[in-house]
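Notes follow once the structure below has been shown.
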Amino acid sequence: MQNSAALQSSVLFKDLSGEDLEKALRFYKAANASHKKGEYLLHEGDSINRFGLVLSGMVQVFMDDMNGDRTIMANVSAGSTFGESLCFLETRYAGIYIIAASDCRLLWLSTDKLREKSVGDDFSCLMKIRFMSLLAQRALTMNDRIQTLSKRTLRAKLYTYFALCRRHFRSSFFELDMDRNDMAAYLGADRSALSRELSKMRSEGLIDYTKNRFTLLLISHDTADNESY
């Protein structure tokens, strides 16, 4: 049984039901799988012949730099996908590896039919358009990440990241699916420095938080642009 909420969250299967949904799942050669926390879904340097849609749990995409420092490239929760570009291009990408951050259920999907040269029927064309939309969404997500990491100070990175979270959750209150270690890895920061900066921002009345639950109280663009922090 598929997780209908997770499927409907993905542009690949949104608003499809009944026979159309089953047809779409066959198009992508969908296969259910369960994975344990800590299990490697892709080792560094491996090629990938299918991409994943998370039905439940969370998956993390990592990259190590030349010094071996780990950076979280993406936290992938229910309804989101990972590995689609690598799968479609049938290529390896040095430094990338993917791990189950919790016990999770996945729908593994194939891009074989997307690479067929024939135009195909209307439904096949629809599936191809939806996959292109998925890649476009991924490009926008990566643009958000570049905006965050391009900031010169940790304060500015945090402001930008929180502003993106507020936009995503449509609320100044949100709960992150990362602990402090993961948050530091995502922002490319030292964990101790991150904790100190969060404490400073709380003492200045900019934010409040309990563990991974955050409330934005008073954050302006001046906060992000002021590089004296």
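Data for the structure
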item	result
Answer residue from segment 47-76, given it is more than 18 Å from TYR186 (Cα to Cα) and open to solvent by 50 Å² or more (accessible area, probe 1.4 Å) and is modelled with the lowest pLDDT among those	SER47
Positions within segment 32-46 being under 24 Å from LEU7 (Cα atoms) and either at pLDDT below 90 or assigned to a strand (DSSP E or B) (or both), in sequence order	ASN32, ALA33, SER34, HIS35, TYR40, LEU41, LEU42
Condition check for GLU44: free of Cβ contacts under 8 Å to residues at least 60 places away in the same chain, out of contact with any strand residue (DSSP E or B) (no Cβ under 9 Å at 6 or more places or on another chain) and open to solvent by 40 Å² or more (accessible area, probe 1.4 Å)	no
Residues satisfying the stated conditions in segment 158-184, i.e. open to solvent by less than 50 Å² (accessible area, probe 1.4 Å), free of Cβ contacts under 8 Å to residues at least 60 places away in the same chain and either within 17 Å of ASP208 (Cα to Cα) or out of contact with any Leu (no Cβ under 7 Å at 6 or more places or on another chain) (or both)	LEU158, TYR161, PHE162, LEU164, CYS165, SER171, SER172, PHE174, LEU176, ARG180, MET183
Flag for LEU86 being open to solvent by less than 40 Å² (accessible area, probe 1.4 Å), more than 26 Å from TYR209 (Cα to Cα) and in contact with an Asp or Glu (Cβ under 9 Å, 6 or more places away or on another chain)	no
Within segment 146-157, considering residues that are in contact with a Ser or Thr (Cβ under 8 Å, 6 or more places away or on another chain) and of a type in the set (D, E, K, R), the one least open to solvent (accessible area, probe 1.4 Å)	ARG155
Residue match in segment 115-124 (condition: within 19 Å of the chain's Cα centre (by Cα) and either hydroxyl-bearing (Ser, Thr, Tyr) or over 22 Å from SER4 (Cβ atoms) (or both))	no
Residue satisfying all of: in segment 132-162; polar (S, T, N, Q) and in a loop (DSSP other than H, G, I, E, B); farthest from the chain's Cα centre (by Cα) among these	THR153
Matching residues in segment 89-99 - criterion: being more than 15 Å from the chain's Cα centre (by Cα) and modelled with pLDDT of 90 or more	none
The listed residue being outside any loop (DSSP other than H, G, I, E, B) and of a type outside the set (A, V, I, L, M, F, W, C), out of ASN49, ASN75, ASN67	ASN75
Residue under evaluation TYR97, criteria (1) open to solvent by 30 Å² or more (accessible area, probe 1.4 Å); (2) within 18 Å of GLY38 (Cβ to Cβ), criterion not met	(1)
All positions within segment 4-31 that are outside any loop (DSSP other than H, G, I, E, B) and exposed (fewer than 13 other Cβ atoms within 10 Å of the Cβ)	SER4, ALA5, GLY18, GLU19, ARG26, ALA31
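Conditions (1) open to solvent by 70 Å² or more (accessible area, probe 1.4 Å); (2) within 19 Å of TYR186 (Cβ to Cβ); (3) at pLDDT 90 or above, marked per residue:
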| residue | (1), (2), (3) |
| --- | --- |
| ALA78 | no, yes, yes |
| PHE82 | no, yes, yes |
| ALA101 | no, yes, yes |
| SER110 | no, no, yes |
| LYS117 | yes, no, no |
| ARG130 | no, no, yes |
| SER133 | no, no, yes |
| ASP144 | no, yes, no |
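The values are calculated or read from the model by the stated rules, or taken from the named source; none is laboratory data. The model shown is predicted, which means the values in this text are computed figures rather than measured ones. Using ideal geometry, Cβ is built from the backbone for each residue, glycine included, and neighbour counts are taken over all protein chains shown. Side chains are part of the model used for accessible areas, which takes the heavy atoms of the whole protein and leaves out ligands, DNA and RNA. Shrake-Rupley method; radii C 1.70, N 1.55, O 1.52, S 1.80 Å.
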